[in-house]
Amino acid sequence: MRIEKAEVFVTSPSRNFVTLRITTDDGVTGIGDATLNGRELAVAAYLKEHVCQLLLDKDPSTIEDTWQFLYRASYWRRGPVTMAAIAAVDMALWDIKGKVAGLPVYQLLGGASRRGCRAYGHASGRDLEHLFDSIREELDLGYKSIRVQTSVPGIEKLYGVAAQEQSTGERYDFEPANRGTQPVEEDWDTRAYLRHVPTVFEAVRNEFGPELPLLHDGHHRMTPREAAQLGKSLEPFDLYWLEDCTPAESQEALRLVRQHTTTPLAIGEVFNSVYDIKDLIQEQLIDFVRCASTHFGGITPLRKVMNFAEMYQVRSGFHGPTDVSPIGFAAQLHLGLSIHNYGLQEYMPHSRLTREVFHEGLTFENGYLHPGDTPGLGVEFDETAAGRFPYDQAYLPYNRLADGTVHNW
Ligand code: KDG
Ligand code: MG
């Protein structure tokens with residue numbers, strides 16, 4: 001069997017997605033996710049101009065070799081654009097292998113290690129009343145673990161706090177990439193944040209009791225000392241994890257945080273390579289790997305990292321926002337189901353329009369996700385539906401401090 005065609009699609013059903021479709025000379029197709037939020041066309045061009053032609057006439061069964069070829073032969077390794085492109089090829093080849101074998105991908109990865117993958121939902125609110133309502137809505141939907149984000153007095157616009165009420169059903173709006181030619185500016189004040197967040201977790205614990213696993217995302221905004229302070233002040237509220245407390249480029253930052261707090265730490269959604277995370281795992285500076293198959297080079301390297309992490313009791317917590325397409329999401333769900341050291345999966349259901357283009361096979365029942373038993377990844381890409389939603393430029397928002405300085409987020 002040989003690869004006959006490799007095509008790239010950019011479509012925007014609610015938000016932009018980049019999809020690679022590989023077709024074999026036997027007519028088998030495989031699909032992969034190459035979406036890089038806010039920089040989509042760079043990956044589409046990388047694939048179209050530099051990768052697709054390299055795939056033609058190759059044997060689609062050689063997943064490891066193709067991965068190594070794309071990674072090593074380019075000389076320019078790593079980086080989000082390169083690794084999202086390689087991820088799409090990797091996923092498409094696993095999809096093909098599963099279809100040829102007549103097996104869902106998780107079976108090819110060793111079979112299921114659990115009945116389903118426990119997922120966490122997103123709750124947020126501009127005040128405690130709205131936050132509590134939001135948590136109750138998530139619990140009603142079946143989530144058994146909840147990420148809590150909150151508005152902060154003194155900060156006007158804050159990323160991750162729902163722009164609209166959840167009951168509209170269009171939940172993708174929680175993490176908006178704003179359409180337009182310029183990113184939206186938000187504001188930030190670390191001292192106000194550090195003062196307010198522990199009071200919110202105290203209130204949530206008092207309202208919902210000690211059992212419910214609670215998570216929080218710091219979006220890379222703190223210095224190591226500030227992150228240590230937050231981790232310490234959240235200890236009485238027993239978080240499941242504190243995510244991205246410091247800028248992710250600096251692995252040593254987490255050493256200082258770790259020395260000062262027992263709050264579990266999660267990081268990795270912006271990582272693209274095993275080299276970004278290996279020291280964090282080996283030195284046991286983190287508890288959860290937040291990498292996403294889409295931005296990490298696909299199933300192949302993420303599986304290696306999780307196997308390595310198993311030796312250090314570090315578990316998965318794969319990034320699952322709506323800018324990971326249903327294909328990328330399915331890819332990491334198959335992996336999550338198969339590995340021993342599964343932790344928790346972030347889950348934000350895709351919008352109705354997204355699901356018109358990507359027909360998902362997953363189920364979400366009683367708080368648990370399952371990728372389904374359709375051969376391959378279990379997602380179908382509807383090219384005709386995709387054509388109805390042309391690319392629409394969008395940017396993530398960003399932060400400035402009170403004096404106008406650009407801040408991390
Ligand atoms: O594209 C960036 C978003 O996916 C990210 O900001 C969402 O932090 C996020 C999360 O944890 O889901
Ligand atoms: Mg995050």
- prompt: Which order, highest average first, do 122-135, 12-25 follow once you tally other Cβ atoms within 10 Å for each residue and take the mean per peptide?
  reply: 12-25, 122-135
- prompt: With labels modelled as points extended 7 Å from the Cα through the Cβ direction, what inter-label distance (nm, one decimal) is found for His260 paired with Leu128?
  reply: 2.7 nm
- line: re the range 341-409: pairs of Cα atoms spaced beyond 14 Å account for a percent value of 75 percent
- prompt: For the Cα atoms of the chain, what angle does the longest principal axis make with the long axis of helix 326-338, in degrees from 0 to 90, nearest 10?
  reply: 80 degrees
query: Given the chain, what percent of its DSSP beta bridges are antiparallel, to the nearest 5?
result: 50 percent
- prompt: If R0 is 41 Å, what FRET efficiency do you get for Val184 and Ala101 from their C-beta distance, rounded to 0.05?
  reply: 0.35
- request: At 7 Å along the Cα-to-beta-carbon direction for both Arg2 and Thr199, put a label point, then send me their distance in nm to one decimal.
  value: 6.9 nm
message: Taking the alpha-carbon distance from Lys304 and a cut-off under 25 Å, which lysines remain once sequence neighbours fewer than 8 residues away in the same chain are dropped?
response: Lys58, Lys97, Lys99, Lys278
Debye intensity ratio I(q)/I(0), log10, the range 230-326, q values 0.14, 0.15 Å⁻¹ (C-alpha model): -0.48, -0.55
- prompt: What fraction of the Cα pairs in the range 209-284, stated in percent, has a spacing above 15 angstrom?
  reply: 51 percent
- prompt: Ignoring any ligand, DNA or RNA, what whole percent of the accessible area of the range 258-312 comes from carbon and sulfur when the probe is 1.4 angstrom?
  reply: 48 percent
message: Given the whole protein assembly as supplied and a 1.4 Å probe, what does the accessible area of His319 come to in Å², nearest 10?
response: 20 Å²
message: What is the angle, in °, between the Cα long axis of helix 80-101 and the longest principal axis of the Cα atoms in the chain? Nearest 10 is fine, range 0 to 90.
response: 60 degrees
task: Principal axes first, then extents: for the Cα atoms of the range 85-129, list largest minus smallest coordinate on each axis, whole Å, largest first.
output: 52, 30, 13
field: For q = 0.10 Å⁻¹, Debye-computed log10 I/I(0) when each Cα of the chain counts as one equal scatterer
entry: -0.64
task: Tell me the label-point distance for the pair Arg225, Gln313, using the 7 Å Cα-to-Cβ offset, in nm and rounded to one decimal.
output: 3.1 nm
- request: Mind grabbing the base-10 log of I(q)/I(0) for the range 118-267 at q = 0.11, 0.12 Å⁻¹? Debye formula, identical points on the C-alpha positions, no solvent, two decimal places.
  value: -0.42, -0.50
- prompt: Volume per residue, Å³, of the convex hull around the alpha-carbon atoms of the range 1-122?
  reply: 137 Å³
field: For the range 260-382, alpha-carbon Rg relative to the globular expectation (2.2 N^0.38 Å, N residues)
entry: 1.06
field: Extended-chain gain in nm, criterion 0.36 nm per residue less alpha-carbon gap, Arg39 and Glu365
entry: 114.0 nm
message: For a quick size check, give me the Cα extents of the range 1-42 along its three principal axes, largest first, whole Å.
response: 36, 19, 10
Ordering of 71-78, 332-339, 378-385, 362-369 by packing [mean C-beta count within 10 Å, highest first]: 332-339, 378-385, 362-369, 71-78
field: Backbone N under 11 Å from the Leu139 label point (7 Å along Cα→Cβ), restricted to the range 322-347
entry: none
- prompt: Given R₀ = 22 Å, FRET efficiency for Lys278-Ser113 by Cβ-Cβ distance, to 0.05?
  reply: 0.45
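The values are calculated or read from the model by the stated rules, or taken from the named source; none is laboratory data. Predicted model only: the values in this text are computed from it and were never measured. Here Cβ is always computed from backbone atoms with ideal geometry, including for glycine, and neighbour counts include all displayed protein chains. Keep in mind that these areas ignore ligands, DNA and RNA; they rest on the heavy atoms of the full protein, side chains included. Shrake-Rupley method; radii C 1.70, N 1.55, O 1.52, S 1.80 Å.
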